[in-house]
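A quick write-up on the structure given underneath.
The values are calculated or read from the model by the stated rules, or taken from the named source; none is laboratory data. Everything quoted here is computed from the prediction, not taken from an experiment. Glycine gets a Cβ as well: all are built from the backbone with ideal geometry, and neighbour counts include every protein chain shown. Ligands, DNA and RNA are stripped out before the accessible areas are found, and what is left, the full protein with its side chains, is counted by its heavy atoms. Shrake-Rupley method; radii C 1.70, N 1.55, O 1.52, S 1.80 Å.
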Amino acid sequence: MITDISEAARHTIEVSSASGAYPVFVGPALLDRLPAVVSTYAPAKRLAVIADDQVGPVHGALVAEALIDAGHDVTCMTFPEGEASKTRKTWSILTDEMLDAGLGRDCVVVAVGGGVTTDLAGFVAATYMRGVPIVQVPTSTLAMIDASVGGKTGVDVRVGKNLVGAFHAPRAVVADTAVLATLDATNRSEGLVEALKHGAIRDEAHFTAVVKAAHSLAEADADAWAECIAASVRLKADVVAQDEFEGGFRQILNFGHTIGHAIEAAADYRIGHGRAVAYGMIAEARLGERLGVTDSGTADRLTEALAPVTARDALDVDPSRAFGFLDADKKSRGGRARYVVLCRIGEVDGAEGWAREVDDDDVKAALDGVLSGW
Ligand code: GLY
């Protein structure tokens, strides 16, 4: 469908979903077009704009103002920034605020923020009145490349990350690359990790292109980011189209995440998701090499590509504590963690399903190695 925004967006990627295909718009200066997106893809008079307390006053306010000017009734809600807010408690505060504001089943949620916001607001939308539409407006590289696309929503619980949640596809995703200039370098590098992951599992040429563009991406080059985000989203959309509800194949998107989530939890979420996944990818590639499945040299390529993220400073995480979080991963079957194993950069091994159990000793060796810095 041709609308104002698809003409303005540099890239439009269609993602298929059981609840209907939705567009991901990528390019600069798209936030102003949000009223057109809402009226086309999620028409509603009453909107709940959800953002954290850092993004809310900046991009959230801009979005709310544009929507109010377009005639919407907007309820703005914020929560404290950070992974520590991605909880059932914050979910209940936000849903109570929506109930207090009298929002009904005919409202739409507009989520403005990074991965915590896309997941948390997504879970609010998935459950409010048994589900209301959501428009995702990711404002971090990680959320643009990964978290806002594919419909996964949820919160963290005591035993691990994202263990309570729902699939709830958005009606549209608006990734305005102009906002990336407001991020710090650490924040920008988080998205680099997920872009490299998409290349590592599906497309060696994309992996190489991201490595080549790393300098421009670090310098916040908006054009380089628009290309990187669009290419990454295309790869993710293709996987989601084949297995939206993660019956099997979609598990490949979790490459690096089994160990990455355990590291993140063992660090009490003091380190960013992207950085934890960077270590997770290297560890899982070393694990694959140890198993004789992954071509040797693959982990070294990943280590080199991820150096902008991992080389910053030492990671102070106890390997045995991280090991303790592994079996709570959501790919676990029968209480045992499962791992996505690469054949090489660009291809996942599917010989034992898309994720497999591995002996504890092999996992411990990979974890010890990556956490002790080889
Ligand atoms: N972030 C992994 C997925 O969307 O499946």
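Restricting attention to the alpha-carbon atoms of the chain, what are Rg (one decimal) and Dmax (integer), both in Å?
Here Rg and the maximum Cα pair distance are 19.6, 61 Å.
So what is the accessible area of the stretch 67-215 per residue, in Å², with the probe set to 1.4 Å?
Accessible area per residue: 36 Å².
Taking the solvent-accessible surface of protein heavy atoms with a 1.4 Å probe, what is the per residue accessible area of the stretch 251-374 in Å²?
39
Can you show me the helix-derived [θ] at 222 nm for the chain, built from DSSP H runs with n ≥ 4 at -39,500 (n - 2.57) apiece and divided by the number of residues, rounded to the nearest 500.
Value at 222 nm, helices only: -13500 deg cm²/dmol.
With +1 on each Lys and Arg Cβ and -1 on each Asp and Glu Cβ, and nothing else charged, work out how big the dipole of the stretch 246-353 is about its Cα centre, in Debye to the nearest 20.
So the dipole magnitude of the stretch 246-353 works out to roughly 220 debye.
Summarise the accessible area of the chain (1.4 Å probe, protein heavy atoms) by the percent that is carbon and sulfur.
For the chain, the apolar C and S fraction of the accessible surface comes to 49 percent.
Against the longest alpha carbon principal axis of the chain, how many degrees, from 0 to 90 and to the nearest 10, is the axis of helix 273-291 turned?
30
Compute the relative contact order of the chain as a whole-number percentage, counting only Cα pairs closer than 8 Å that sit 6 or more residues apart in sequence.
It rounds to 15 percent for the chain.
Among 283, 233, 216, whose Cα projects farthest towards the positive end of the dipole of the stretch 193-315, with charges put on the beta-carbon of Lys, Arg (+1) and Asp, Glu (-1)?
283
What are the semi-axes of the equivalent ellipsoid for the stretch 236-329, taken as the square roots of 5 times the Cα gyration tensor eigenvalues, largest first, in whole Å?
Semi-axis lengths for the stretch 236-329 are 22, 17, 14 Å.
Amide H of residue 294: which non-local residues (sequence gap of 5 or more, or other chain) have their own amide H closer than 5 Å, using H built in the peptide plane?
Residues meeting the criterion, in which the H sits 1.01 Å from N, are 289.
List, in order, the whole-Hz ³J(HN,Hα) value for each residue of the stretch 249-259 obtained from phi through the Karplus relation with A = 6.51, B = -1.76, C = 1.60 and θ = phi - 60°; use x for Gly and Pro.
For the stretch 249-259, the Karplus-derived couplings read 4, 4, 4, 4, 5, 8, 3, x, 8, 4, 6 Hz, x marking Gly and Pro.
I need the shape label for the stretch 331-373. Rule: rounded when a/c is under 1.5, else prolate if a/b > b/c, else oblate, with a, b, c from the alpha carbon gyration tensor.
Verdict is oblate for the stretch 331-373.
Set the Förster radius R0 to 22 Å, insert the Cβ-Cβ distance between residue 32 and residue 7 as r into 1/(1 + (r/R0)^6), and round the FRET efficiency to 0.05.
0.95
Past 26 Å, Cα to Cα: identify those pairs from 161/236; 89/364; 152/197; 86/197; 86/236, in the order given.
89/364
Based on the mean of other Cβ atoms within 10 Å per residue, sort peptides 274-287, 83-96 so the most packed one is first.
My ranking of the peptides, most packed first, is 274-287, 83-96.
Please get the size of the charge dipole for the chain, origin at its Cα centre, with Cβ charges of +1 on Lys and Arg and -1 on Asp and Glu, quoted in debye to the nearest 20.
740
From the convex hull of the Cα coordinates of the stretch 169-300, what is the mean projected area in square nanometres?
9.0
Based on the inverse mean of 1/r over its pairs of different Cα atoms, what is the Kirkwood hydrodynamic radius of the stretch 37-196, in Å?
15.4
Taking 8 Å as the Cα distance limit and 6 or more residues as the minimum spacing, I'd like the relative contact order of the stretch 84-156 as a percentage.
Relative contact order here is 38 percent.
Within the stretch 35-51, what residues put their amide N at less than 18 Å from the label point 7 Å along the Cα-to-Cβ vector of residue 182?
Within reach of a label on residue 182: 35, 49-51.
Size of the dipole of the stretch 1-148 about the Cα centre, Lys and Arg at +1 and Asp and Glu at -1 on the beta carbon, nothing else charged, in debye to 20?
Here the size comes out at about 360 debye.
Tell me the volume per residue, in Å³, of the convex hull enclosing the alpha carbons of the stretch 148-220.
So the per-residue Cα hull volume is 133 Å³.
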